[in-house]
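Here's the structure, in structure tokens; my notes come after.
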Amino acid sequence: MARFEKLPVVKTVTKDGECVVTISLDININLNQNGINIGVTTVEKQEEEKVDFVVPEFGNKKVAFGKKV
Amino acid sequence: MPVGVDFGTMNLVVCRRDESNNFVYTRETNSFIEMEVGDRFVFNMMKKSGVPLIERQEAGIAYALGESAMKIAYTMPNLELKRPMKDGCLNPKEKNAQQIMSIMIHSLLGNLKNDGETLYYSVPANAINQETDADYHGKVLDGIFKAFQDDAGFKVNANPINEGLAVIYSELENKNFTGISASCGAGQVNLCFAIFGAPVFQFSIVNSGDWIDRQAARAVGESEVFVNKEKEKLDFTVQQDSLVLRALKTQYEIMMQRTVAEIKRGLETAGNKARTDKPIDIVVAGGTSLPNGFDKAFADLVVKADLPIQLGEVLRPQDPLYCVARGALVAAENAN
């Protein structure tokens with residue numbers, strides 16, 4: 001009997017900020033054998049893209065642009 | 001001489017008065033494309049044919065600006081049309097696009113008559129149906145205008161004005177600046193109800209021109225640029241025979257219904273503050289209101305909605321693309 005277990009996504013706070021942790025377990029139990037196979041998928045770490053709300057510096061460049069209407 | 005600026009998701013418009021005191025406008029599309037300058041010949045030909053270009057020689061990249069960029073993107077779909085603004089506001093993740101937009105608006109402003117000229121520019125209200133950051137947007141625009149200097153070194157004294165309120169200043173002077181506006185731009189519908197020029201409510205909805213294009217494009221399997229071009233043929237007074245136009249009309253109807261519903265909700269929430277003794281006009285404006293018959297279709301929905309006010313007329317100005325900039329100029333002229 002095979003079973004794939006995916007735990008609910010966990011948001012956690014680390015010293016680097018907030019991240020998302022996903023844990024999945026792939027469990028295979030064969031009742032005809034004496035033994036259990038357990039496979040573990042890699043923990044996925046997803047970090048939310050940080051948005052930089054700093055206002056940039058602007059120059060004063062101009063080009064020929066715009067139509068009079 | 002004061003200046004009014006409409007900072008729209010699709011269009012940038014500057015409004016001034018000429019020597020005869022008439023309103024004059026300079027307009028361009030708020031878009032650009034990024035190209036690799038592999039072929040110097042093509043680049044030079046574009047320049048000769050009047051395409052506004054900015055070159056970053058160190059990166060081997062050039063940017064074509066404005067309406068020229070839209071035409072290039074329409075004929076060369078492999079080039080992505082970039083828009084510095086989305087859903088009515090600047091995207092904080094697109095810092096490069098903000099720099100390009102700064103160059104575009106500085107170029108549109110041209111030269112001033114006096115140093116420290118009063119300038120009013122349109123800003124959106126925060127949307128009620130999606131997270132937008134009108135505060136960040138406002139700060140970036142403020143930074144753009146603070147950096148501006150014309151050939152004589154003259155600077156502007158720039159101030160924001162809500163986009164919906166600007167439409168009321170433009171179109172309802174004969175009604176003591178009292179009424180409701182729906183500025184239907186590309187990114188948002190900005191709604192405002194003002195009494196004697198003072199806002200009773202102002203907010204925006206993110207479901208306007210771009211949303212219509214996106215939904216219709218998805219429905220018929222075409223590009224948004226193509227659908228946006230086809231929208232010029234849309235006519236609410238006749239049966240639409242093409243699939244694209246039928247899809248556009250359907251999305252328009254959803255957008256109008258939502259807009260009218262939000263006007264009603266705004267009036268109900270305002271309650272006593274919305275009380276006047278005269279009929280209230282509703283002005284629809286903006287590029288998304290351009291199709292023939294839009295105003296009549298919108299008026300029909302307004303009547304059916306049974307708004308909690310004494311309804312006047314539903315109006316659309318002769319030049320719905322320019323009234324935000326015109327209203328901003330009116331604000332600038334009356335600022336001192």
Conditions (1) touching a helix residue (DSSP H, G or I) at 6+ places or on another chain (Cβ under 8 Å); (2) open to solvent by 20 Å² or more (accessible area, probe 1.4 Å); (3) among the aromatic types (Phe, Trp, Tyr) -> residue B:322 fails only (1)
Per the filter on region B:126-159, residues outside any helix (DSSP H, G or I), in contact with a helix residue (DSSP H, G or I) (Cβ under 6 Å, 6 or more places away or on another chain) and of a type outside the set (Phe, Trp, Tyr) are B:126, B:156, B:158
Problem - Residue match in region B:93-113 (condition: in a strand (DSSP E or B) and more than 11 Å from chain A (Cβ to nearest Cβ)) - result: no
When (1) open to solvent by 70 Å² or more (accessible area, probe 1.4 Å); (2) within 11 Å of chain A (Cβ to nearest Cβ); (3) touching a Gly at 6+ places or on another chain (Cβ under 7 Å) are applied to residue B:47, the one that fails is (3)
Exercise. Does at least one position in region B:71-86 carry a residue that is in a strand (DSSP E or B), open to solvent by 30 Å² or more (accessible area, probe 1.4 Å), within 13 Å of another protein chain (Cβ to nearest Cβ) and within 30 Å of residue B:134 (Cα to Cα)?
Worked result: no
Counting only residues in region B:227-238 that are in contact (Cβ under 8 Å) with a residue 40 or more places away in the chain and surrounded by 15 or more Cβ atoms within 10 Å (Cβ to Cβ), the one farthest from residue B:287 (Cα to Cα) is identified as B:236
Being in contact with a Pro (Cβ under 7 Å, 6 or more places away or on another chain), under 28 Å from residue B:320 (Cβ atoms), open to solvent by 20 Å² or more (accessible area, probe 1.4 Å) and more than 14 Å from every other protein chain (Cβ to nearest Cβ) narrows B:117, B:171 down to just B:171
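Check region B:196-210 and report whether any residue there is assigned to a helix (DSSP H, G or I) and either modelled with pLDDT of 95 or more or crowded, with 24+ Cβ neighbours inside 10 Å (or both).
Here is the first cut: in region B:196-210, the ones assigned to a helix (DSSP H, G or I) are B:209-210.
Filter once more, keeping what is either modelled with pLDDT of 95 or more or crowded, with 24+ Cβ neighbours inside 10 Å (or both): B:209.
Checking region B:196-210: at least one residue is assigned to a helix (DSSP H, G or I) and either modelled with pLDDT of 95 or more or crowded, with 24+ Cβ neighbours inside 10 Å (or both).
Of the residues in region B:186-195, how many are open to solvent by 10 Å² or more (accessible area, probe 1.4 Å) and within 25 Å of residue B:334 (Cα to Cα)?
Looking only at region B:186-195, we keep the residues that are open to solvent by 10 Å² or more (accessible area, probe 1.4 Å), and these are B:186, B:195.
This time we only want the ones that are within 25 Å of residue B:334 (Cα to Cα), so: B:195.
Residues flagged as open to solvent by 10 Å² or more (accessible area, probe 1.4 Å) and within 25 Å of residue B:334 (Cα to Cα) within region B:186-195 amount to 1.
Identify all residues within region B:244-283 that are free of Cβ contacts under 8 Å to residues at least 40 places away in the same chain and β-branched (Val, Ile, Thr); write none if there are none. Give the derivation first.
First, the residues of region B:244-283 that are free of Cβ contacts under 8 Å to residues at least 40 places away in the same chain: B:244-250, B:265, B:271-272, B:275, B:277, B:279.
If the condition is that a residue be free of Cβ contacts under 8 Å to residues at least 40 places away in the same chain and β-branched (Val, Ile, Thr), then B:244, B:250 are the ones that fit.
Does region B:130-144 contain at least one residue that is over 24 Å from residue B:53 (Cα atoms), of a type in the set (S, T, N, Q) and either within 14 Å of chain A (Cβ to nearest Cβ) or open to solvent by less than 20 Å² (accessible area, probe 1.4 Å) (or both)? Can you show your working first?
From region B:130-144, those over 24 Å from residue B:53 (Cα atoms) are B:130-139, B:142; that's our starting set.
Applying the additional criterion that residues be of a type in the set (S, T, N, Q) yields B:130, B:132.
Still in the running and either within 14 Å of chain A (Cβ to nearest Cβ) or open to solvent by less than 20 Å² (accessible area, probe 1.4 Å) (or both): B:132.
Yes - at least one qualifying residue is present in region B:130-144.
Residues that are within 16 Å of the chain's Cα centre (by Cα) and touching a residue at least 24 places away in the same chain (Cβ under 8 Å): does region B:140-148 have at least one?
Our first condition is that a residue be within 16 Å of the chain's Cα centre (by Cα); within region B:140-148, this holds for B:141.
Restricting the remaining residues to those that are touching a residue at least 24 places away in the same chain (Cβ under 8 Å) gives B:141.
Taking every residue of region B:140-148 in turn, at least one turns out to be within 16 Å of the chain's Cα centre (by Cα) and touching a residue at least 24 places away in the same chain (Cβ under 8 Å).
Conditions (1) open to solvent by less than 10 Å² (accessible area, probe 1.4 Å); (2) more than 14 Å from every other protein chain (Cβ to nearest Cβ); (3) of a type in the set (Val, Ile, Thr), marked per residue:
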residue	(1), (2), (3)
B:14	yes, no, yes
B:21	no, yes, no
B:26	no, no, yes
B:35	no, yes, no
Across region B:145-168, the tally of residues that are open to solvent by less than 20 Å² (accessible area, probe 1.4 Å) and more than 24 Å from residue B:283 (Cα to Cα) stands at 3
Test residue B:182 against the stated conditions and say whether it is in contact (Cβ under 8 Å) with a residue 40 or more places away in the chain, aliphatic (A, V, I, L, M) and surrounded by fewer than 19 Cβ atoms within 10 Å (Cβ to Cβ). no
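How many residues, within region B:23-58, are without any contact (Cβ under 8 Å) to a residue 60 or more places away in the chain and not in a strand (DSSP E or B)? If you could, list the steps in order and put the result at the bottom.
If we filter region B:23-58 for residues that are without any contact (Cβ under 8 Å) to a residue 60 or more places away in the chain, which is where we start, we get B:24, B:29, B:31, B:33-58.
Retained after the next criterion (residues that are not in a strand (DSSP E or B)): B:31, B:37-52, B:57-58.
The qualifying residues number 19.
The values are calculated or read from the model by the stated rules, or taken from the named source; none is laboratory data. These figures come from a predicted structure and were not determined experimentally. Every residue, glycine as well, gets a Cβ built from its backbone with ideal geometry; the counts of neighbours run over all protein chains shown. The accessibility values were calculated without ligands, DNA or RNA, using every heavy atom of the protein model including side chains. Shrake-Rupley method; radii C 1.70, N 1.55, O 1.52, S 1.80 Å.
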